[in-house]
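Reading through the structure tokens given below for one structure.
Quick note: the coordinates plus some simple rules give every number you see, no bench work behind them. As the structure is a computational prediction, the values presented were derived from the model and not from experiment. Reconstructed Cβ throughout: ideal geometry from the backbone, glycine too, with neighbour counts over all protein chains shown.
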Amino acid sequence: MAASSIADNDRYSETFNDFDGGSVEGADYALFEQYLAGDDDLNIPERGDLREGMIVEVRSSEILVNIGAKRDGVVPQADIARLDKEYAATLVVGEMVPVVVSKQTTDEGLVLSIADALQKRDWLIAEKMLESNEISVRTVVGHNKGGLLVEFGHLRGFIPASHIVGLPRNLSDDERIQRFDEMIGQALPVEVIEVERRRRRLVLSHRLAERRYREERKTHLFEEMKVGDVVEGEVRSLRPFGAFVDIGGADGLLHVSEIGWTPVSHPKDVLQVGDIIQVEVLRLDSDRSRIALSRKKLLPNPWMSIAERYHQGDTVMVTITRVVDFGAFAQLEPGVEGLIHVSELAEIEVAEPLKSIATGDRVAAKILRVDPERQRIGLSCRQASDMTAQTLLETEEGQRAGQAEVSA
């Protein structure tokens, strides 16, 4: 029986059965026994491991960090020099820091890198953002010929020119560089579109992020905004039919007829891209994602006191603004137009009265009626007093001559 027991001990000194019925060789069994005895640490750091540790000592040429191994790791001065100065100033005893195991040797011990750890952590963040399509805001810190460079933690992200919102495609190289220079320091919403850690490629898109942000913002605005709200916006673009105004992440249309009380031929005559203006919400169409705006409604309405300035029977000077089949529209003052019916343009014997006037002409007209509520004024050139008209013309000519002398 004793011989059998000794034989069993010899056999188990070579191998032992694991919990799954397999076997572990003698060398691993010895390591297992050491672990159970607490004489060794199986949590051995390996090269490339990303760990978190506590700073236990800051020396003039290195920093000691405890990462749970039997020996403290060393962050050499060369690695500290790679860090941003502001971040390096926060490295004090007791501070928790990420580290990457650079190497482990008998002579140098455990060598760590904070700089590599920060970059590795940012690469992991970038990969997660690529998977989730998360949008973040990044600051432009530089550029090259192809696009912008932005901060991404301790990395640099690249935004190709084709993914930059508002950058015209027909710019010369010098014009493009100038635009890039002007964008340094700006904070841009971006979406990660490519991550290649081995090639150190981190590509971002401002255009995709802006598009998604504006879609989400527009949905939010439709939920909160209501007709009649007065909001501030920035003119983003001008078209012959109106101006598109950014009212906080969504564009609304300011139709040319709602820019002001004075008729506007083209929005560029009144507005410029980048102007900050107050507008009132006229209509909201959530189904078509459209917002109609008005600037005119926030400006003083010249028709409110029209009856105090113009009276039936008065003869006034007007400017022809439009000639139509049934007559001509004439401006009395900015924002106030009246209609001269074709029968009131000239004497009855004139065969083609519409040819007697043209857009831009200054003529005398008699006020036939004033209707403030309907914002209409009826005028007549045929009934205007010749004597009064002559006096008004002479007065205007004298005023223009006086202004010319002052300007000279």
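A few comments on the model shown:
- Straight-line reach from LYS355: taking Cα to Cα under 12 Å and skipping same-chain neighbours fewer than 8 places apart, the aspartates and glutamates in range are ASP325.
- Inter-label distance for GLU86 and THR388, nm, one decimal - labels placed 7 Å from Cα along Cα-to-Cβ: 7.3 nm
- Size descriptor, Kirkwood hydrodynamic radius, that averages inverse alpha-carbon separations across region 208-352, Å: 17.7 Å
- Entries of LYS103/LYS145; LYS85/LYS120; LYS145/LYS218; LYS268/LYS366; LYS268/LYS297; LYS128/LYS226 with Cα pairs more than 26 Å apart: LYS103/LYS145; LYS145/LYS218; LYS268/LYS366; LYS128/LYS226
- Quotient of Cα Rg and 2.2 N^0.38 Å for region 332-402, N being how many residues it contains: 1.20
- Residues ILE247, ILE193, ILE159 in ascending order of nearby Cβ atoms (within 10 Å, fewest first): ILE193, ILE247, ILE159.
- Residue exposure proxy: SER294, SER286, ordered by other Cβ atoms within 10 angstrom of their Cβ from fewest to most, comes out as SER286, SER294.
- Each principal axis of the Cα cloud of the chain was evaluated for its coordinate range; sorted largest first, these ranges are 145, 53, 37 Å.
- Calculated mean residue ellipticity at 222 nm for the chain: -8000 deg cm²/dmol, from DSSP H runs with n ≥ 4 weighted as -39500 (n - 2.57), summed, divided by the residue count and rounded to 500.
- Region 51-109 - Kirkwood radius from inverse mean 1/r over Cα pairs (Å): 11.8 Å
- In sequence order, region 225-238 has phi-based couplings of 7, 9, 4, x, 5, 9, 10, 9, x, 10, 5, 9, 7, 10 Hz under the Karplus curve 6.51 cos²θ - 1.76 cosθ + 1.60, θ = phi - 60°, and Gly or Pro positions carry x.
- Choice from VAL195, VAL324, VAL74 showing the highest fluctuation, given a GNM over the chain with Cα pairs closer than 10 Å: VAL324
- Average 1/r across all pairs of distinct alpha carbons in region 225-298, invert it, and you get the Kirkwood radius: 12.0 Å.
- Here the Karplus relation 6.51 cos²θ - 1.76 cosθ + 1.60, evaluated at θ = phi - 60°, turns the backbone of region 60-67 into coupling constants of 5, 10, 6, 10, 9, 10, 8, 10 Hz, with x for every Gly and Pro.
- Of GLN178, GLN272, GLN390, the residue with the greatest mean-square motion in the GNM of the chain, using alpha carbon springs below 10 Å, is GLN390.
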